[in-house]
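The values are calculated or read from the model by the stated rules, or taken from the named source; none is laboratory data. Keep in mind that this is a model prediction, so the values were computed, not measured. Please note: Cβ atoms are built from the backbone with ideal geometry, for glycine as well, and neighbour counts cover all protein chains shown. Quick note on the areas: whole protein, heavy atoms, side chains included, nothing else; ligands and nucleic acids left out. Shrake-Rupley method; radii C 1.70, N 1.55, O 1.52, S 1.80 Å.
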Amino acid sequence: MGAKTYSQEIERPVASGRMFKALCLDIHLLPKLMPETVKSIEFLQGDATSAGSIRQVSYAEGIPFKYSKQRIDEVDVNNFYCKQTTIEGGVPDEGYEYIVVEFKIDTKGSGSVFKINTHFHPLPGTELHEEGAVVKMNQETGPMMLKTVEEYLLANPQAFA
């Protein structure tokens, strides 16, 4: 069975460059803004702007996964594009070999439009669970994270300007 892809398109009133900086280039903001979801983010290899870098996201108590390791596959600062692959943590428990998340932020007026594509790749011989914890968390956390970062940036107009 091939990969299952979920796509989301979300409009936000904050400029694309500021959102990209906050979500891709300075990802350490998330544990401060979403402590109920993200406990910490640590780069094990490289940094937020380098393809091949590996980061470990440790999740808060109550989240179905203790951690995930994510490899940064591509970062295009000029076009506000980021691609990452979850390579460890929670993924095999749900029957996934790996998960690829791509997001592109386009400018729309003074705001932005997020185009998020999540590709779930199952382990060989495994059926995908449409209602599995990984799928649910991805679909719910993405918009919540964008809204939280948006609120922070609107309240702090100097941040990531």
Quick one: 3J(HN,Hα) in Hz for segment 79-87, Karplus 6.51/-1.76/1.60 with θ = phi - 60°, rounded, Gly and Pro as x. 10, 6, 10, 9, 9, 9, 10, 7, 10
Inter-label distance, nm, simple model (7 Å from Cα along the C-beta direction), Glu97/Val113: 3.3 nm
Tell me, what is the 1.4 Å probe accessible area of Asp47, in Å² to the nearest 10? 70 Å²
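Quick one: of Lys115/Lys136; Lys4/Lys136; Lys4/Lys32; Lys21/Lys136; Lys21/Lys147, which pairs are farther than 20 Å apart, Cα to Cα? Present the calculation step by step, with values, prior to reporting the outcome.
Details: Lys115/Lys136 18 Å; Lys4/Lys136 14 Å; Lys4/Lys32 32 Å; Lys21/Lys136 26 Å; Lys21/Lys147 15 Å.
Beyond 20 Å between Cα atoms: Lys4/Lys32; Lys21/Lys136.
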Quick check: residue separation of Lys32 and Leu44 times 0.36 nm, minus the Cα distance between them. What number comes out in nm? 2.4 nm
Each residue of segment 100-117 in order: what ³J(HN,Hα) in whole Hz does its phi give by Karplus 6.51 cos²θ - 1.76 cosθ + 1.60, θ = phi - 60°, with x for Gly and Pro? 10, 10, 10, 9, 10, 10, 9, 7, 9, x, 8, x, 8, 10, 8, 10, 10, 10
Which cross-chain or sequence-distant (5 or more) residues have an amide H under 5 Å from the amide H of Ile87, H modelled 1.01 Å from N in plane? Lys69, Gln70, Arg71
Karplus-derived 3J(HN,Hα), 6.51/-1.76/1.60, for each residue of segment 118-125, Hz, glycine and proline x: 10, 10, 9, 9, x, 4, x, x
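Explain nothing, just the number: relative contact order of segment 1-126, from Cα pairs under 8 Å at least 6 residues apart, as a whole percent.
Reported as a whole number, the value is 28 percent.
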Sequence-distant residues sharing a close amide H with Ala51 (under 5 Å, placed H): Val75
For the chain, what is the accessible area per residue in Å², given a 1.4 Å probe and the full set of protein chains? 51 Å²
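Suppose every K and R has +1 on its Cβ and every D and E has -1 on its Cβ; what is the size of the dipole of the chain about the Cα centre, in Debye to the nearest 20? Present the calculation step by step, with values, prior to reporting the outcome.
Numbers: 16 positive and 22 negative charges, 91 e Å.
That gives the chain a dipole magnitude of about 440 debye.
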Could you order Phe65, Phe114, Phe160 so the one with the most accessible surface comes first? Probe is 1.4 Å. Phe160, Phe65, Phe114
Can you give me the Kirkwood hydrodynamic radius for segment 1-96, using every pair of distinct Cα atoms, in Å to one decimal? 14.7 Å
Taking Rh as the Kirkwood radius computed over alpha-carbon pairs of the chain and applying Stokes-Einstein at 25 °C with viscosity 0.890 mPa s, one gets a diffusion coefficient in µm² s⁻¹ of 152 µm²/s
Cα→Cβ-extended label distance, 7 Å offset, between Lys4 and Ser58, nm: 3.1 nm
Could you list which residues have their amide H under 5 Å from that of Tyr98, counting only those 5 or more apart in sequence or on another chain, with H placed in the peptide plane? His121
